[in-house]
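The values are calculated or read from the model by the stated rules, or taken from the named source; none is laboratory data. As the structure is a computational prediction, the values presented were derived from the model and not from experiment. Please note: Cβ atoms are built from the backbone with ideal geometry, for glycine as well, and neighbour counts cover all protein chains shown. Areas reflect the complete protein model, heavy atoms only, side chains present, ligands, DNA and RNA absent. Shrake-Rupley method; radii C 1.70, N 1.55, O 1.52, S 1.80 Å.
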Amino acid sequence: MIQEIKYKQVGKFEDTKFEKIHNEIFNDSNYASVLVAHEIAELIKQRQQEGRPCVLGLATGSSPIKVYEELVNLHKKGELSFYNVITFNLDEYYPMEPKNRQSYYYFMHQHLFDHVDINPENINIPSGEVPQEELDQYCIDYDLKIKQLGGLDFQLLGIGRTGHIGFNEPGSHKNSGTRIITLDHVTRRDAASDFNGIEYVPKKAITMGVSTIMKAKRIIMLAWGHKKASIVKETIEGQITSNIPATFLQNHDNTTMIMDNEAASELTRIKTPWIVSQCIWTDDLKVRAVTWLSEELQKPILKLTDKDYNEHGMAGLLTIEGSAYNLNIKIFNMVQHTITGWPGGKPNADDKNRPERANPAKKRVIIFSPHPDDDVISMGGTFSRLIEQGHEVHVAYQTSGNIAVTDEEALKFAEVAQLLDNGKEETNFSKIITFLQNKTTAYGDSIETRKIKGLIRRMESYGATRYLGLNDAKVHFLDLPFYETGEVKKNPVGENDIQIISDLIASIQPHQIYAAGDLADPHGTHKLCLDAIFETIERIKGQKFMEDCWVWLYRGAWHEWDIADIEMAVPLSPDEMNKKINAILFHQSQKDRVMFQGEDAREFWVRAQERNRNTALLYDNLGLAEYEAIEAFKRYHF
Ligand code: F6R
């Protein structure tokens with residue numbers, strides 16, 4: 001059944017008493033995007049019936065991509081025409097030429113306008129080419145045009161990590177109109193990978209103003225992924241402030257925020273629901289509540305008292321469990337049982353309270369790694385244990401990872417290879433060298449260049465897997481086609497991708513699958529790789545061997561599972577931690593100055609070590625044993 005967006009229900013309810021913007025949370029951002037697209041489509045059709053134009057305010061960025069995809073779908077199926085649609089985009093970088101691939105003009109045509117029957121004259125996108133001296137008038141005219149059309153019927157928004165809407169960065173006034181603005185550093189850093197480095201991200205942009213946006217009759221704001229969680233909480237629960245322009249939406253009476261679970265994860269009613277209302281106390285929620293209280297009060301679980309629970313909204317839980325004493329022991333044991341030195345199951349042991357099954361004692365295992373290095377960064381210690389404990393371990397690198405190799409690195413290898421080849425002119429190496437020496441844009445590598453970049457990563461992976469004692473025959477390079485665009489933006493996952501994964505799983509018939517459960521970026525490679533695995537599993541789950549297959553999710557370099565989500569915790573000794581670091585260091589092209597560093601300037605091995613140590617510290621602080629480091633996994637039930 002389609003879950004409708006209940007946008008009329010704006011208000012403050014019992015279980016949302018901290019919330020000041022109506023919002024809806026979905027398990028699946030793709031599904032939520034389809035619903036948003038349908039709301040827009042209904043509005044367009046309603047206006048058509050009334051013989052009126054439909055004025056839409058549109059956003060760019062990663063958040064609305066699936067909404068546009070569905071609008072295009074509806075059009076292609078013949079269910080929606082855009083003949084009466086007039087659009088106004090929120091913003092454009094300044095200066096910026098429309099033909100530039102990073103322009104919002106390019107984005108909108110690529111994702112929507114080129115595929116629907118909108119009249120080109122009805123498309124309005126701020127121009128990044130207006131001469132400086134004409135900008136003020138240009139912006140006034142942009143607002144005026146919207147006003148003369150009767151205002152925006154609908155405005156689609158994303159939210160930046162600064163809390164910007166459009167490019168109304170912190171400090172924007174609620175009465176601001178369309179204008180030129182200086183981009184915040186965080187915003188530029190977030191755009192850095194699109195521009196191949198923050199130094200190439202424009203410093204300015206033209207943006208629709210806060211007041212222009214607020215006059216829209218209906219607003220939907222989208223927020224996907226963990227990296228939006230803290231700004232979403234501040235926007236929905238915080239005070240209205242120009243430091244977080246999205247908070248102005250609290251004063252708009254027809255706004256809905258549409259989020260996935262990750263973006264909503266910091267909301268009070270999600271993170272600590274017992275503070276907000278009566279809860280249904282499942283075991284999961286009990287673990288969440290008790291570990292939260294222990295962290296909050298910095299007290300080991302076994303020292304929490306009745307008073308501690310009562311003072312933090314958990315009196316109801318105590319009533320169910322009898323006393324803090326009973327509850328503490330119960331939860332302590334549950335957390336304790338997640339710890340195992342036997343990630344493939346402990347042979348000949350009672351496995352009632354262990355995360356993995358004892359049988360079969362020797363398991364077939366596939367570790368899926370989105371890029372050639374996530375395996376060792378995220379689960380190098382567990383990987384090594386599985387091999388040492390005699391399981392048949394396979395690793396499958398889902399993508400070639402070629403775009404993350406710098407030109408300098410590729411040139412070095414091509415030059416070495418050409419010299420070894422006695423400098424023959426006609427070789428592929430000389431072609432690569434000539435190509436790289438003449439390359440002027442960030443992307444668009446030749447096929448040979450992409451190939452050498454991919455091979456560099458392949459050979460680094462062999463370095464790491466051989467070091468861990470894995471036979472080359474157990475290393476699989478899937479080179480999934482969706483990734484091979486030669487640029488940051490990937491194709492959607494397709495049938496070929498699914499087939500390749502499905503063939504591998506069918507040939508190995510694994511008892512365990514490990515996959516990267518990273519949801520930080522909904523359009524990032526990790527999420528697409530995970531989607532591809534889930535889709536494959538969905539299709540093959542009826543096969544007999546899948547009855548014995550358990551799927552474990554690990555998290556990538558950036559953040560770990562919440563303690564209450566962890567279902568298997570594999571401790572590492574100091575020596576094992578060092579071994580893991582050595583394995584990561586084989587990935588030389590991803591060391592020092594890497595192309596996709598993210599916000600954290602530290603090297604991958606440093607982050608991995610710190611993250612695994614922090615997980616161990618969390619267990620320690622809960623009053624469990626003190627380990628050097630821990631790798632954590634959550635089971636995926638299909
Ligand atoms: C884009 C825009 C921005 C984005 C915001 C979120 O037109 O105005 O406010 O909506 O930066 O970007 P994504 O969706 O890429 O996270």
Against the 2.2 N^0.38 Å scaling, with N counting residues, where does region 66-147 land? I'd like the Cα-based Rg ratio to two decimal places. 1.20
Going from most exposed to least, what order do LYS307, LYS286, LYS412, LYS20 have by accessible area with a 1.4 Å probe? LYS307, LYS412, LYS20, LYS286
Along the charge dipole of the chain, Cβ charges K/R +1 and D/E -1, which of GLY171, THR615, LEU528 sits furthest on the positive end? THR615
So, in Å, what gap is there between the alpha-carbon centers of region 471-540 and region 444-468? 18
Using alpha carbon positions and the Kirkwood radius, the Rg to Rh ratio of region 191-339 is 1.13
Hits among lysines - C-alpha to C-alpha of LYS147 under 18 Å, sequence gap 8 or more where chains match: LYS174, LYS215, LYS217
A correct Stokes-Einstein calculation for region 452-501, using the alpha-carbon Kirkwood radius, 20 °C and 1.002 mPa s, returns a whole-number D in µm² s⁻¹ of 171
May I ask which of LYS227/LYS271; LYS363/LYS544; LYS330/LYS527 have a Cα-Cα span longer than 27 Å here? LYS330/LYS527
Charges at C-beta only: +1 for Lys and Arg, -1 for Asp and Glu. How large is the resulting dipole of region 361-410 about its Cα centre, in Debye rounded to 20? 560
Non-local residues with an amide H under 5 Å from the amide H of PHE26, with H modelled 1.01 Å from N and Pro and chain starts lacking one, are MET259, ASP260, ASN261
Estimate the FRET efficiency between GLN49 and LYS17 by the formula 1/(1 + (r/R0)^6), using the beta-carbon distance for r and 41 Å for R0, to the nearest 0.05. 0.55
Rough spin-label spacing in nm, given labels placed 7 Å along Cα→Cβ, for ASN422 and ARG161: 5.3
When the convex hull of its Cα atoms is projected in every direction, mean area for region 254-306 (nm²): 5.1
Net charge near ASN89, counting Lys/Arg +1 and Asp/Glu -1 over other residues with Cβ under 14 Å of its Cβ? -2
Positive-end residue, the chain charge dipole about Cα centroid, Cβ charges, pick of ILE244, GLN418, TYR31: TYR31
Please give the FRET efficiency for ILE275 paired with ARG189, using the beta carbon to beta carbon distance and R0 = 45 Å, rounded to the nearest 0.05. 0.85
In vacuo Debye scattering of the chain, one point per C-alpha: log10 I(q)/I(0) at q = 0.07 Å⁻¹? -0.51
So what does HIS75 come to for accessible area, using a 1.4 Å probe and Å² rounded to 10? 50
For region 99-189, the Kirkwood Rh over every pair of distinct alpha carbons, in Å, works out to 15.2
Gyration tensor (Cα) of region 287-358, equivalent ellipsoid semi-axes in angstrom: 29, 12, 8
What trypsin sites (Lys or Arg not before Pro) does region 497-578 have in DSSP loop regions with at most 15 other beta carbons within 10 Å? LYS541
Given a Förster distance of 41 Å, the FRET efficiency implied by the Cβ-Cβ spacing of LEU617 and PHE545, rounded to the nearest 0.05, works out to 0.60
Could you compute how much accessible surface THR282 exposes when probed at 1.4 Å, giving the result in Å² to the nearest 10? 70
When the charge dipole of region 27-132 is computed with +1 at the Cβ of Lys and Arg and -1 at the Cβ of Asp and Glu, the Cα pointing farthest to the positive end, of PRO64, HIS75, PRO98, is that of HIS75
Taking alpha-carbon centroids only, region 183-255 lies from region 258-296 a number of Å equal to 26
Restricting to the chain, compute how many DSSP beta bridges are antiparallel as a %, nearest 5. 30
GluC sites (Glu not before Pro) lying in DSSP loop within region 103-182, provided at most 16 other Cβ fall within 10 Å: GLU129
Neighbourhood net charge (9 Å Cβ-Cβ; Lys/Arg +1, Asp/Glu -1) for GLU484: +1
Within the chain: Cβ-based charge dipole about Cα centre, in debye rounded to nearest 20 (Lys, Arg +1; Asp, Glu -1): 640
Can you give the alpha-carbon Rg of region 289-422 over 2.2 N^0.38 Å, where N counts its residues? 1.71
What do you get for Rg/Rh of region 411-565 when both radii come from the Cα atoms and Rh is the Kirkwood radius? 1.04
